[in-house]
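Here's the structure we're looking at; comments come further down.
The values are calculated or read from the model by the stated rules, or taken from the named source; none is laboratory data. All values reported here derive from a predicted model rather than from experimental measurement. In this analysis, Cβ positions are derived from the backbone assuming ideal geometry, glycine residues included, and neighbour counts consider all displayed protein chains. Note: areas computed on protein heavy atoms with side chains; ligands, DNA, RNA excluded. Shrake-Rupley method; radii C 1.70, N 1.55, O 1.52, S 1.80 Å.
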Amino acid sequence: MRRKLLIVTTMFFLFFLLLSGCKNNEDKSEKIIQNFKNLDSYSCDVDMKIQNDKQTVSYKGKQFYDKRYGYRFELENNRIMVYKDNNIFVKDLKSGFKYSTDKSFDSVFKLSFIGEYIGLIYTNEKIKVSLKTINNKKYEVIGLDIPGNNKNISKANLYINVDNEKPEHLSIYDWKDSEKIKVEYSNFNFNTELNKNLFVID
């Protein structure tokens with residue numbers, strides 16, 4: 001009788017621990033998603049790789065985001081791009097040439113901004129959240145569908161480090177689930193105070 005009681009007690013305790021662990025994971029997921037919904041600004045370094053049928057093209061740079069002013073992408077020493085409203089303002093750093101174009105002409109670089117996914121978290125009906133361990137690091141993975149008719153840019157997985165709650169990389173897939181774009185983020189600063197002039201091409 002004592003043995004049966006011990007087994008039942010042990011099973012009940014393990015079951016309780018399992019339920020508690022699941023609840024903690026759910027709470028952590030909700031907290032991480034809520035943090036991103038409340039993200040007003042950020043700055044970070046970016047390493048971006050774009051895969052096409054023939055080659056992989058790499059870009060490095062620095063990003064700034066402020067929900068009041070827009071996006072800024074400093075693309076190495078080549079150009080600066082400022083995304084504001086529905087326009088992209090571009091400055092070629094080598095020639096000094098400046099021009100502007102419609103935001104719809106860029107279907108790649110704008111998707112590397114975390115700010116794009118904040119909007120999708122609010123509106124996307126197919127958010128998938130999962131926990132994944134890579135190289136002994138735990139990540140909260142937010143999976144989202146990317147709206148539009150571009151088959152090469154169909155869905156995205158945003159990997160957030162569970163320990164510091166910062167995004168570390170983003171994978172964008174085509175309709176066949178092949179990775180087409182990978183973005184790695186470093187030196188990520190949440191809700192940092194940014195100068196309005198950063199979002200003006202002079």
Subject >> Under 5 Å, built H, 5+ apart or other chain: amide partners of His169 >> reply: Tyr159, Tyr185
Original post:
Just how far, in whole angstrom, is the stretch 51-86 from the stretch 108-170 if you go by their alpha carbon centroids?
Top reply: 17 Å
Original post:
Kirkwood hydrodynamic radius of the chain from all distinct Cα pairs, in Å?
Top reply: 19.0 Å
Subject >> Cα-projected label distance for Tyr122 with Asn78, points at 7 Å along beta-carbon direction, nm >> reply: 3.2 nm
**OP:** For Lys180, go through the aspartates and glutamates and keep the ones whose alpha-carbon is under 15 Å away, minus same-chain ones fewer than eight residues off.
**Re:** Asp47, Asp53, Asp145
Subject >> Helix 114-123 axis, angle to the chain major axis (alpha carbon atoms, nearest 10°) >> reply: 60 degrees
Subject >> Eligible lysines near Lys103 by straight Cα distance, threshold 18 Å, same-chain separation 8 or greater >> reply: Lys67, Lys84, Lys91
Original post:
Taking all protein chains as present, what is the carbon and sulfur share of the accessible area of the stretch 50-138, in % to the nearest whole number, probe 1.4 Å?
Top reply: 46 percent
Subject >> FRET efficiency, Glu30 to Ser100 (Cβ-Cβ, R0 41 Å, nearest 0.05) >> reply: 0.55
Original post:
So which residue, out of Ile146, Ile121, Ile134, gets the largest mean-square fluctuation from a GNM of the chain using Cα contacts under 10 Å as springs?
Top reply: Ile134
**OP:** Could you list, in their original order, any pairs among Lys155/Lys196; Lys110/Lys137; Lys94/Lys176 whose Cα atoms are separated by more than 30 Å?
**Re:** Lys155/Lys196; Lys94/Lys176
**OP:** Let me have the 222 nm mean residue ellipticity of the chain computed from DSSP H runs of 4+ only, each contributing -39500 (n - 2.57), with the sum over all residues rounded to the nearest 500.
**Re:** -8000 deg cm²/dmol
Original post:
How much accessible area per residue does the chain have, in Å², with a 1.4 Å probe?
Top reply: 63 Å²
Original post:
To the nearest 10 degrees, how steep is helix 2-37 against the longest Cα principal axis of the chain, on a 0 to 90 scale?
Top reply: 10 degrees
**OP:** Multiply the residue separation of Ser178 and Ser58 by 0.36 nm, subtract the distance between their alpha-carbon atoms, and state the gained length in nm to one decimal.
**Re:** 41.4 nm
Subject >> Extension gain from Asp92 to Asp145, taking 0.36 nm per residue of separation minus the Cα-Cα distance >> reply: 15.8 nm
